[in-house]
1. Would you mind checking which residues have amide H under 5 Å from residue 47's amide H? H placed 1.01 Å from N; only 5 or more apart, or other chain.
2. Rounded to the nearest 10 degrees, what's the angle between the helix 49-60 long axis and the longest principal axis of the chain, both from Cα atoms, 0 to 90?
3. Restricting to the chain, what percent of DSSP beta bridges are antiparallel, rounded to 5?
4. What distance in nm lies between label points placed 7 Å from Cα along the C-beta direction at residue 75 and residue 44?
5. Please name which of 78, 60, 40 has its Cα lying farthest along the dipole of the chain towards the positive end, using unit charges on Cβ (Lys, Arg +1; Asp, Glu -1) and the Cα centre as origin.
6. So for each of 54-63, 29-38 I average, over its residues, the number of other beta carbons within 10 Å; can you give me the resulting order with the highest mean first?
7. With +1 on the Cβ of every Lys and Arg and -1 on the Cβ of every Asp and Glu, and nothing else charged, how large is the dipole of the chain about its Cα centre, in debye rounded to the nearest 20?
8. Rg and Dmax of the chain, Cα atoms, in Å?
Amino acid sequence: EQWLTLHGIEYLHLSPRAREKQGWPDLVFAVNGRAVAIELKKPNGVVSEAQRDCLDRLAANGWRVAVARSIEEVRRAVEEVREG
């Protein structure tokens, strides 16, 4: 969240308790007009079937989706969108 804020990216980070839709990613935001969804996981965290299904549906609708296990992976996903 701090990295996104430092780079002027407005985001929404939902806690697991606030989720209305099963599998919805942890972070959603837009970069250069393109929607981005990132599922945050601990280094050994596993993406659930509901999370994978949701990411796949978002990707099919043009979203840039990623699973990030480090700040570097979040940064890389943002930079890929910025570069086009």
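The values are calculated or read from the model by the stated rules, or taken from the named source; none is laboratory data. Only a predicted model underlies this, so the values are computations on that prediction, with no experimental measurement involved. Neighbour counts run over all protein chains shown; Cβ positions are idealised from the backbone, glycine included. For the accessible areas, the whole protein counts, side chains as well, though only heavy atoms, and no ligand, DNA or RNA atoms are used. Shrake-Rupley method; radii C 1.70, N 1.55, O 1.52, S 1.80 Å.
1. The list, which skips near neighbours in sequence, is empty: none.
2. With both axes taken from Cα atoms, the answer is about 40 degrees.
3. Beta bridges within the chain, antiparallel portion: roughly 60 percent.
4. 2.6 nm
5. Sorting the options by dipole projection puts first 40.
6. Output ranking for 54-63, 29-38: 29-38, 54-63.
7. About 120 debye.
8. According to the Cα coordinates of the chain, Rg and Dmax are 12.1, 34 Å.
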